[in-house]
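J.: The structure is given below, and queries will be raised subsequently.
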Amino acid sequence: MQKEIDMLDVQKIREDFPILKRKVNGSPLVYFDNAATSQTPQIVIDAIVEYYSNYNANIHRGVHTLSQEATDAYEIARKKVQQHFNAKYSHEIILTSGATHSINIVATGFSNLLSKGDEIIVSALEHHSNIVPWQMLCERTGAILKVIPMNEEGELRMDIYDQLLCDKTKLVFTNHISNALGTINPIEKIIEKAHAVGASVLIDGAQSCPHIKPDVQALDVDFYVASAHKLCGPTGVGVLYGKENWLNSLPPYQGGGEMIDQVTFEKTTYAGLPHKFEAGTPDICGGIAFGVALDYMNTIGFDAIADYENELLDYGTAKLLEIEGLKIYGTSKNKTSVISFNIENIHPYDVGTILDKMGVAVRTGHHCAQPIMDFYQIPGTIRASFSFYNTKEEIDILVKAVKKAKMMLS
Amino acid sequence: MTIQEIQEEIVDEFSMFDDWMQRYEYMIELGKSLPLIDEKHKIDENIIKGCQSKVWVHAVMDNDKIEFTADSDAIITKGIIAILIRVFSGQHPKAIIDADTNFIDKIGLKEHLSPTRANGLVSMIKQLKMYAIAYQTQLN
């Protein structure tokens, strides 16, 4: 009975997304690039219009009514984010421009906390945004970057992770879910083991947040980052969760207005959390719309979303594998609704181009995860990523389009 | 034939097609007729940046005319570079430098290709013209 109540009415949900009605190259849009960005429901679009139509003002400083209304709405959004991630305090939620910005705040902040010879561990499944900032940190500090390798299924080699951990390990970084393959990483174990040697952990939740509601307190994670635009929110907004003591000990990332307590030419003292990390005027409208997007997704419910997306994943995997010569990369039992694949002897880019002609939007290329492509010795993959507003009928269209592309390109 | 005449010929050919499928099938065919680059020139220095697929181009000058050869790991990209080479190969460097490439709009390539691919197209034209500039300097 519970199952029935939780079941998701996809046709009704699709009505919420105006973009799903449009055509591309004469065919109805089939949007399977959700791992890159999610589409935006009308309620979020309305919140953006409402902000600029009714109470656009700068926050945290004006005494006038509009400024107060905007400030209240922005701080309510922060509280929604806090509740969503189950952070202990709302000041542990830093609103940023996205997951990449969030990672850079931490990577830069650690510059003075690491010494030569310290070790940091990163997973082989990372997006470039969770590799490059740490390489830069290593260059600045003389710390050493170690990598947890992956196996053929696209899973992290936890046995090697155990060997890499030692008393020199200061930080561990991994994504919760791989953007290129969809693998769900065992972050509970990763965090527990890192803490056992005294290392702190940053989890990149950019890919997991559309599918899983993380509980940062239960995870006991030190830092967790995400982007609003993958959660039905606007682009240009993200979140950095950090434990209060960590955020207090890291220096500010940027100087400017909003992040100060007292300024004289002799010395400036910084504002407390969260403002210390929010220099300048933030994306006020985007932050507010992010809160609305979280409400929207929570109303549908993450359990219902996960159940439905798993159904799409199983259906899509079975249907695509019927195509001769098609190979799927990332075959872990523990994965989300991402299918990365190639067709024998055909370049992924050619397939992506033909699919676009038929209205099917997929991502092709290395997905900002070149080390994974190097592992499989391929130039890239075709990636179809499903969201809760997609349907099995759309997967049928994808399969038909892939067959046609294969015919044209063989 | 001049660059202008070859471009007009290509525009004529593409105007016969009714839909995108025929257009792409023709480009794939053209890709198969591409004058292939010698394997020894398929080196990193000859890769054109800005393309999602790999494109190698090589040029030699013979009797004041440039001959291009190329290859790509993607067949549609091969078709595009084949069209460009048909336009520019066998021409004087000065003619290549001065040529406009409006015909790309007319055959619907720019309009129909994705932005990253379009960038690749721009990079390819730029690279062919760079060769022409280099050889023109030699002639001077």
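J.: Only one residue in A:A289, A:A279, A:A226 is in contact with a Pro (Cβ under 9 Å, 6 or more places away or on another chain) and in a strand (DSSP E or B), so which one is that?
T.: Of A:A289, A:A279, A:A226, the one residue that is in contact with a Pro (Cβ under 9 Å, 6 or more places away or on another chain) and in a strand (DSSP E or B) is A:A226.
J.: Also, I was wondering about something else. Looking at (1) more than 27 Å from A:H366 (Cα to Cα); (2) within 14 Å of chain A (Cβ to nearest Cβ); (3) of a type in the set (F, W, Y), which one does B:W20 not meet, given that it meets all the others?
T.: The failed condition is (1).
J.: Between a first residue in the range A:363-381 that is at negative phi and away from chain B (no Cβ under 11 Å) and a second residue that is open to solvent by less than 70 Å² (accessible area, probe 1.4 Å) and of a type in the set (V, I, T), which pairs have beta carbons less than 8 Å apart while being 6 or more apart in sequence or on different chains?
T.: Final answer for the pair search is A:P371/A:I131; A:M373/A:T381; A:T381/A:T364.
J.: If B:I104 meets every condition in (1) without any contact (Cβ under 8 Å) to a residue 40 or more places away in the chain; (2) in a helix (DSSP H, G or I); (3) within 14 Å of another protein chain (Cβ to nearest Cβ); (4) of a type in the set (A, V, I, L, M, F, W, C) apart from one, which number is that one?
T.: It is condition (3) that B:I104 fails.
Here's the yes/no breakdown for (1) basic (K, R); (2) within 14 Å of another protein chain (Cβ to nearest Cβ); (3) more than 30 Å from A:P214 (Cα to Cα); (4) touching a residue at least 60 places away in the same chain (Cβ under 8 Å):
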position	(1), (2), (3), (4)
A:D303	no, no, no, yes
A:L312	no, no, no, yes
A:E322	no, no, yes, yes
A:G330	no, no, no, yes
A:S337	no, no, no, yes
A:F341	no, no, no, no
A:P348	no, yes, yes, no
A:T353	no, yes, yes, no
A:V360	no, yes, yes, yes
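J.: Continuing with the same structure: Considering only the range A:17-75, state which residues are assigned to a helix (DSSP H, G or I), open to solvent by less than 30 Å² (accessible area, probe 1.4 Å) and of a type in the set (V, I, T).
T.: Hits for the range A:17-75 are A:V44, A:T71.
J.: I've got another one for you. Looking at the range A:192-202, can you tell me whether even one residue there is hydroxyl-bearing (S, T, Y), in a strand (DSSP E or B) and at pLDDT 95 or above?
T.: yes
J.: Further, regarding this structure: Out of all the residues in the range A:91-113, which are open to solvent by less than 20 Å² (accessible area, probe 1.4 Å) and free of Cβ contacts under 8 Å to residues at least 60 places away in the same chain?
T.: Within the range A:91-113, A:A107 is the sole residue that qualifies.
J.: Within the range A:298-337, track down each residue that is at negative phi, among the small types (G, A, S) and out of contact with any Gly (no Cβ under 8 Å at 6 or more places or on another chain).
T.: If the condition is that a residue be at negative phi, among the small types (G, A, S) and out of contact with any Gly (no Cβ under 8 Å at 6 or more places or on another chain), then A:A304, A:A306, A:G316, A:A318 are the ones that fit.
J.: In the range A:261-286, what residues are within 18 Å of A:D72 (Cα to Cα) and surrounded by 13 or more Cβ atoms within 10 Å (Cβ to Cβ)?
T.: Of everything in the range A:261-286, those that are within 18 Å of A:D72 (Cα to Cα) and surrounded by 13 or more Cβ atoms within 10 Å (Cβ to Cβ) turn out to be A:L273, A:P274, A:H275, A:E278, A:T281, A:P282, A:D283, A:I284, A:C285, A:G286.
J.: Within the range A:237-257, count every residue that is buried (at least 18 other Cβ atoms within 10 Å of the Cβ) and in a loop (DSSP other than H, G, I, E, B).
T.: Residues meeting the conditions: 5.
J.: Hey, could you check the range B:23-61 for residues that are small (G, A, S) and open to solvent by less than 40 Å² (accessible area, probe 1.4 Å) and say which is farthest from the other protein chains (Cβ to nearest Cβ)?
T.: The residue in question is B:A59.
J.: Using the structure shown, decide if B:D73 is open to solvent by 40 Å² or more (accessible area, probe 1.4 Å) and either away from chain A (no Cβ under 14 Å) or among the hydrophobic types (A, V, I, L, M, F, W, C) (or both).
T.: It is false that B:D73 is open to solvent by 40 Å² or more (accessible area, probe 1.4 Å) and either away from chain A (no Cβ under 14 Å) or among the hydrophobic types (A, V, I, L, M, F, W, C) (or both).
J.: Next question. Quick one: would you say A:K213 is touching a residue at least 40 places away in the same chain (Cβ under 8 Å), open to solvent by 10 Å² or more (accessible area, probe 1.4 Å) and closer than 22 Å to A:K79 by Cα?
T.: It is true that A:K213 is touching a residue at least 40 places away in the same chain (Cβ under 8 Å), open to solvent by 10 Å² or more (accessible area, probe 1.4 Å) and closer than 22 Å to A:K79 by Cα.
J.: Any chance the range B:88-98 includes a residue that's in contact with a helix residue (DSSP H, G or I) (Cβ under 8 Å, 6 or more places away or on another chain) and either without any contact (Cβ under 8 Å) to a residue 12 or more places away in the chain or within 14 Å of chain A (Cβ to nearest Cβ) (or both)?
T.: No: the range B:88-98 contains no residue that is in contact with a helix residue (DSSP H, G or I) (Cβ under 8 Å, 6 or more places away or on another chain) and either without any contact (Cβ under 8 Å) to a residue 12 or more places away in the chain or within 14 Å of chain A (Cβ to nearest Cβ) (or both).
J.: Return only the number of the condition from (1) within 16 Å of A:A77 (Cα to Cα); (2) open to solvent by less than 20 Å² (accessible area, probe 1.4 Å); (3) assigned to a loop (DSSP other than H, G, I, E, B) that A:S208 does not satisfy.
T.: Failed condition: (1).
The values are calculated or read from the model by the stated rules, or taken from the named source; none is laboratory data. Only a predicted model underlies this, so the values are computations on that prediction, with no experimental measurement involved. Backbone-built Cβ (ideal geometry, glycine too); neighbour counts: all protein chains shown. Quick note on the areas: whole protein, heavy atoms, side chains included, nothing else; ligands and nucleic acids left out. Shrake-Rupley method; radii C 1.70, N 1.55, O 1.52, S 1.80 Å.
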